[in-house]
Amino acid sequence: MPQTPRQPERRQFLLRIGAAAGCGALVPLLHGCETAELYTLPPLHVEVTFDLAKSPYDALKTVGASLDVTFGNVDGLLVRVSDAQIIGVTRICPHQQGNIKWDKAGATLVCTTHAAKFASNGAVTGQPNNGDTLTTMLPTWAVTFDAATGKGTVQT
Amino acid sequence: MMQRLIAITVSGLALATLALPILAVPAQALPRMTLTTSSRCSNCHINPQGSGPRNAMGFYATAANGAVTWDKLGWQKFHELSDNTFFGEKLEIGGDLRLQMAKLGSPRWDNDGKLVEPDRMFIPMQDQVGLNFKALPWLSVAASFNPIGFLKSYAGQSLYDGWVQIQPSVELPRLRVGMIQPGFGVRYDDHTLIIRRNPLALGTPILPPFYNDLGAELAYEGLHWLSLDVAAVWANNLHLANPDGVASGKLALSARATIYPQTQDWGINSWLGGSFLQSDKLTMYGGHVGLGKSYWGSIMAEAVWSQIAFGRETFSTLVQVDHPLKEWLVLTGRWETGNGHSPGLAEADVQSYVAGIQFVPVPNIELRPEYRYLKTSSYLLAQYTLQLHAWF
């Protein structure tokens, strides 16, 4: 019995459908190759004591002064906002990881990259000047301070 | 004809609306095609700089390219749709939709010291419908609408572009006045590229995708081996993208020159060019080079240096190779680097590798599975991503 010749068009069609299936199968295969790493140390929950009589914390003797610190693998900022209060915040802006500084004149925390502003409790008080809308608060640390003794603690 | 016009417009608007939801950025043209076909972006796109809706030639060129054509699936009417012109070819209508599934952002530590990866999400990158009306042989009016601009994924991203174009003949210079993007470097189809971004803050483009400002451009493509363009725009959107470097309303000036050496015997096409953009305290220089051959593919490279007067400096490079196995199946690989420094910030050093496949299962629809490896000074993120691209 004579064989029916294979139709090239049909073969081509099947080949192309096969290519489509192959491309589709690629996605779950690549799923196994996914990975993520961080080159910073994970944050640690630490309690640090400070004494304004000792360096470097003596920088906080005057109201309005601020001090860059690194506690528990996290860069932070201590600010003497009043006679009786010192606050602690992380120094990394939640917008685009810019550097947070204390603006003494405006009594506010300001990002040096896009000028986003934060209150001493971390709340956003001024949006970044590039048009983005920021809703994430600036992480804060729990700080106790005894103005009479000049001593206190920071919990990260 | 009116039925076809309504059908195309309605389906275009439906595509545009469907893609509106979350975060978004528009994508752009495929520079590979200028190297493999020895043609300019303006040959196939309504926007002569490339990107977005196709003109009649661009529509026709891709109407029958697919692993399976529409007629094989019994959709004869789709198969015969190879023209997007109306009213005696005076009006061209096109649309472009691009969605990407990817993990956006960087991994982070949670409060308990556990590594958290960013969520995978669907991102509408481009959602553009546009038209070009050739009022007179030397005068045309074009506009496109990109609804994802409402989402303001990137500062400085536009909602629309549009211009009046005067060009007495193709041998003579072309003047465009309106909402345009000043020409700089190569326009790519992927908004995640580092080459137009600030490596110090990867979420921040220096020239955002679908960035446009009001101004004018004078371009010359009258010789087959040369193209030149200069533009001047009021930098309102450029200011939003670069608030530290460009004051609102300042003038932005750009200039770009590209030569197109060809070897007739070998069928090799190439381009080699440079760009300059300056506005207020922002200055950018770029260089681009590409080499391609039909059925073989292309290799292209670009370098961009930017500086903002207060001390921020960035330098980024890109190398991309594309190799077509079939017209509807293209292997692609890309390597990018980005460096940057700025007062008060840690120096940025970014490397990105992307390998993928551009697969066109049926005409006018492309799937692009990719594997992306991104390494910065502070993290590494390797992931698969998937793009869906549809155009008409």
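Figures for the structure shown
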| item | result |
| --- | --- |
| Radius of gyration and Dmax over the Cα atoms of segment B:42-183, both given in Å | 20.0, 67 |
| Loop-exposed trypsin sites (Lys or Arg not before Pro) per DSSP, neighbour cap 15 Cβ within 10 angstrom, longest uninterrupted part of chain A | A:105-156 |
| Neighbouring partner chain Cβ atoms per residue of B:238-245, average, 10 Å criterion | 3 |
| Relative compactness, segment B:281-328, computed as alpha-carbon Rg over 2.2 N^0.38 Å | 1.65 |
| With at most 16 other Cβ atoms within 10 Å, longest stretch of chain B clear of loop GluC sites (Glu not before Pro) (DSSP) | B:172-326 |
| Pair-distance profile P(r), taking every C-alpha pair of segment B:199-330, with 10 angstrom steps and integer % | 11, 34, 31, 19, 5, 0 |
| Relative contact order of chain B, pairs being alpha-carbon contacts under 8 Å that are 6 or more residues apart, as % | 16 percent |
| Calculated diffusion of the protein assembly as shown, Stokes-Einstein form, Kirkwood radius summed over Cα pairs, 10 °C and 1.306 mPa s, µm²/s | 62 µm²/s |
| Intensity falloff of chain B expressed as log10 I(q)/I(0), Debye formula with alpha-carbon point scatterers, at q = 0.09 Å⁻¹ | -0.52 |
| Choice from A:Leu109, A:Leu134, A:Leu78 showing the highest fluctuation, given a GNM over chain A with Cα pairs closer than 10 Å | A:Leu134 |
| Protection proxy ranking, peptides B:223-236, B:277-290, B:104-117, average beta carbon neighbours within 10 Å, highest first | B:277-290, B:223-236, B:104-117 |
| Leading residue at positive end of dipole, chain A (Cβ point charges), from A:Ala116, A:Ala142, A:Leu67 | A:Ala116 |
| Compactness of segment B:251-392 as Cα Rg over 2.2 N^0.38 Å, two decimals | 1.26 |
| Length-normalised contact order for chain A - Cα pairs under 8 Å, 6+ apart - percent | 18 percent |
| Exercise: per-residue mean of other protein chain Cβ atoms within 10 Å, B:379-387 | 5 |
| Other-chain or far-sequence residues with amide H under 5 Å of A:Thr113's (modelled H) | A:Asn99 |
| Rg ratio (alpha-carbon, reference 2.2 N^0.38 Å) - segment B:118-210 | 1.30 |
| B:Thr34, B:Thr317 arranged by Cβ crowding within 10 Å, fewest neighbours leading | B:Thr317, B:Thr34 |
| Proxy reagent accessibility, fewest Cβ within 10 Å first, across A:Ile92, B:Ile259, B:Ile46 | B:Ile259, A:Ile92, B:Ile46 |
| Most mobile of B:Trp75, B:Trp296, B:Trp138 in a GNM of chain B (Cα contacts under 10 Å) | B:Trp75 |
| Separation of alpha-carbon centers, segment B:167-187 and segment B:216-252, rounded to whole Å | 11 Å |
| Test item: A:37-44 mean partner chain Cβ contacts at 10 Å | 6 |
| Cα-based reach from B:Lys90 at 30 Å (exclusive), listing lysines while leaving out same-chain residues under 8 positions away | B:Lys77, B:Lys134 |
| Under 25 Å from A:Lys117, Cα to Cα: lysines that are on another chain or at least 8 residues apart | A:Lys61, A:Lys101, A:Lys104, B:Lys152, B:Lys281 |
| Those aspartates and glutamates that a straight Cα-Cα span of less than 15 Å connects to B:Lys293, excepting residues fewer than 8 apart in one chain | B:Asp265, B:Asp322, B:Glu327 |
| Principal axis dimensions, segment A:47-155 - Cα atoms, whole angstrom, descending | 45, 29, 18 |
| At R0 = 30 Å, FRET efficiency that the Cβ-Cβ distance of B:Gln76 and B:Lys326 yields, to 0.05 | 0.85 |
| Segment B:274-364 - charge dipole about Cα centre, Lys and Arg +1 at Cβ, Asp and Glu -1, debye rounded to 20 | 200 debye |
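Readers should treat all values here as calculations from the given coordinates under stated rules, not as data from a laboratory. Source: prediction; values computed, not measured. Backbone-built Cβ (ideal geometry, glycine too); neighbour counts: all protein chains shown.
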